[in-house]
1. Would you point out which residue out of Ala156, Ala108, Ala92 is aliphatic (A, V, I, L, M), under 18 Å from the mean Cα position of the chain (by Cα), modelled with pLDDT of 65 or more and part of a helix (DSSP H, G or I)?
2. Go through (1) among the hydrophobic types (A, V, I, L, M, F, W, C); (2) outside any helix (DSSP H, G or I); (3) modelled with pLDDT of 90 or more for Trp61 and report which single condition fails.
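The values are calculated or read from the model by the stated rules, or taken from the named source; none is laboratory data. Quick caveat, the model's predicted, so the values are computed rather than measured.
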Amino acid sequence: MRKLSLLKGKSDSEIEVLEKYLPESFARLADLYHARGEYKRALEILNQHAENFPDYPTGFWMLGKVYYRLKEKEKALKYLHRTLQIIPEHLAALELIGKIYMESGEQALARSYLRQVSQADQLGEMVFKNGNDEASARIEREQMDDVKERARGKFATETMINLYIKQGHKKLARELCEEILVMQPENTRIKSILKELES
């Protein structure tokens, strides 16, 4: 109880500041409301602003996190997958998706997502053990830049489609194919994948 009151006092002034900087501060503001257990208020802020920042994964990650807290797992999965469309290696999203599938009894799907998190954790441990803090931070920045670059390109998009298919998310794969075809109507590879999904 004391922790919540400390959090409330500390975040009230922070909330006032962040509200002045809306919409740019919407994800941080929603995170503060989430931390205080004010999920409905967090959701209001996120629903009002997240779609205005379609390339900002934190907004969609927060929507997934809040919907999960509200026990709306389908909506949570929708936004967590949207996060992965932007950053396929988003570890927090992968982990929460795995947790949701585990709770739903879909063990194979859960393991596939949690395995990705585990592999990334092992890689991270190796990187940090083998270098000093400055070198490790530089490597991490370079990896994040690489992830962002790949997330914007055709390769990452087709990779996401294949990942969705492999994990049994044919509806999400179809939706992503349709999105790509709006921007690239002559993309024969995507047309072929979509045709296979529809048969």
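1. From the options Ala156, Ala108, Ala92, the qualifying one is Ala92.
2. Checking Trp61 against (1) among the hydrophobic types (A, V, I, L, M, F, W, C); (2) outside any helix (DSSP H, G or I); (3) modelled with pLDDT of 90 or more, the one that fails is (2).
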